[in-house]
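Input: a single structure, listed below in structure tokens.
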Amino acid sequence: MNRRLLTILLVAVSIAGLCTFAVFRVVGNRVEANRPMATTRVVSASRDIRLGAVIAPADVTMAEVEGAAPKGSLLKLDDALGRGAVAEIYQGEPVLESRLAARGSGGGLASTIPQGMRACAVRVDEVVGVAGFVTPGERVDVLASGMKTGVQAPMVAQAWASRTILQNIQVLSAGTDIQKDAEGKPHPVQVVNLLVTPEQAETLSLATNQLRIQLVLRNPLDTSISPVHGMAMSSILGDDPGPADAPRPMVHSRRSPRSQPWVVELITGSTRTEQKFNVPEARP
């Protein structure tokens with residue numbers, strides 16, 4: 001057979017094979033796209049469910065999701081009814097087990113407290129509450145200020161000190177609200193509930209009864225714990241107030257009275273003379 005004819009046949013066969021493979025891929029992709037995917041029925045929110053709300057029958061419905069069910073999703077309506085929401089659930093979202101409180105715990109603030117944690121109330125004012133900018137979900141540090149114990153006058157004015165006693169504490173509620181308003185704006189409150197451990201709750205209880213508490217707002221993404229050593233008033237104003245501010249110490253010198261010299265009268269015939277002798281001072 002002619003070598004040129006053989007080469008042409010091999011090239012033609014190769015081109016035909018490539019075209020066949022391309023057509024097969026295109027047709028296969030279209031068939032896969034048109035094939036209906038398997039779906040799973042899960043519990044979904046029929047409307048927005050706010051934090052702390054108890055799930056009612058009107059709040060949830062069954063919905064179809066493509067593929068396997070999301071991890072932690074509920075497959076029965078009865079598994080969600082009567083349980084409190086520990087996070088906001090928006091309309092159309094699957095209701096996950098992690099967003100619901102344990103059955104029987106109810107709703108409100110108590111249902112949002114994780115296992116092993118406590119909600120500790122702190123009385124605040126407009127200044128302590130960072131001028132009203134403390135809202136649920138924010139992170140704060142707790143600052144305690146007061147006077148050191150065992151300090152006597154005249155150092156009482158410089159015995160005041162402050163220290164950060166708690167860091168990266170989550171705000172559970174501000175006043176009677178456990179969620180932000182519709183616009184996410186803060187408002188002045190009188191009580192702030194903080195999410196703390198039992199040990200932190202004891203520290204906070206002692207501080208609120210004996211010291212002045214102030215909340216320091218921090219970035220929610222900043223979760224680092226910084227080493228703190230506290231600050232005293234003497235460090236701000238200076239340890240040595242200077243001669244104009246500090247009273248000079250009184251130095252009392254104790255001097256012995258000056259003794260009189262001894263006088264000796266010498267009589268020689270009709271002549272009288274006096275001789276004086278100094279008496280040495282007594283040593284202490």
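Descriptive notes on the structure:
Yes or no, residue by residue, for (1) hydrophobic (A, V, I, L, M, F, W, C); (2) in a loop (DSSP other than H, G, I, E, B); (3) loosely packed, with under 14 Cβ neighbours inside 10 Å; (4) modelled with pLDDT under 80:
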position: ALA153; (1), (2), (3), (4): yes, yes, yes, yes
position: SER162; (1), (2), (3), (4): no, no, no, no
position: GLY184; (1), (2), (3), (4): no, yes, yes, yes
position: GLU199; (1), (2), (3), (4): no, no, yes, no
position: LEU217; (1), (2), (3), (4): yes, no, no, no
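- Beta carbons closer than 7 Å, at least 6 apart along the sequence or on distinct chains, pair a first residue in segment 121-138 that is more than 15 Å from ILE213 (Cβ to Cβ) with a second that is modelled with pLDDT of 80 or more and not in a strand (DSSP E or B) for GLU138/PRO220.
- Filtering segment 57-70 to residues that are closer than 11 Å to VAL42 by Cα and in contact (Cβ under 8 Å) with a residue 24 or more places away in the chain leaves VAL60, ALA63, GLU64, VAL65, GLU66, ALA68, ALA69, PRO70.
- Pairs where the first residue, in segment 208-231, is over 18 Å from LEU194 (Cβ atoms) and assigned by TED's automatic domain parsing to the domain that holds GLY146 and the second is at pLDDT below 85 and aliphatic (A, V, I, L, M), C-beta under 6 Å, 6+ apart: GLY230/ALA161
- Restricting GLY104, GLY116 to residues that are part of a loop (DSSP other than H, G, I, E, B), at pLDDT 80 or above and either outside the structural domain of GLU202 (by TED's automatic domain parsing) or under 30 Å from ILE169 (Cβ atoms) (or both) narrows the list to GLY116.
- Taking segment 90-125 as the range and being of a type in the set (Val, Ile, Thr) and under 24 Å from VAL142 (Cβ atoms) as the test, the residues that pass are THR112, ILE113, VAL122, VAL124.
- Residue match in segment 126-148 (condition: in a loop (DSSP other than H, G, I, E, B) and modelled with pLDDT of 90 or more): no
- Residue selection: SER111 fails the criterion of being among the small types (Gly, Ala, Ser) and either touching a His at 6+ places or on another chain (Cβ under 8 Å) or surrounded by fewer than 17 Cβ atoms within 10 Å (Cβ to Cβ) (or both).
The values are calculated or read from the model by the stated rules, or taken from the named source; none is laboratory data. Values in this document were obtained by computation on a predicted structure and should not be read as measured data. So basically every Cβ, Gly included, is an ideal-geometry build from the backbone, and we count neighbours across all protein chains shown.
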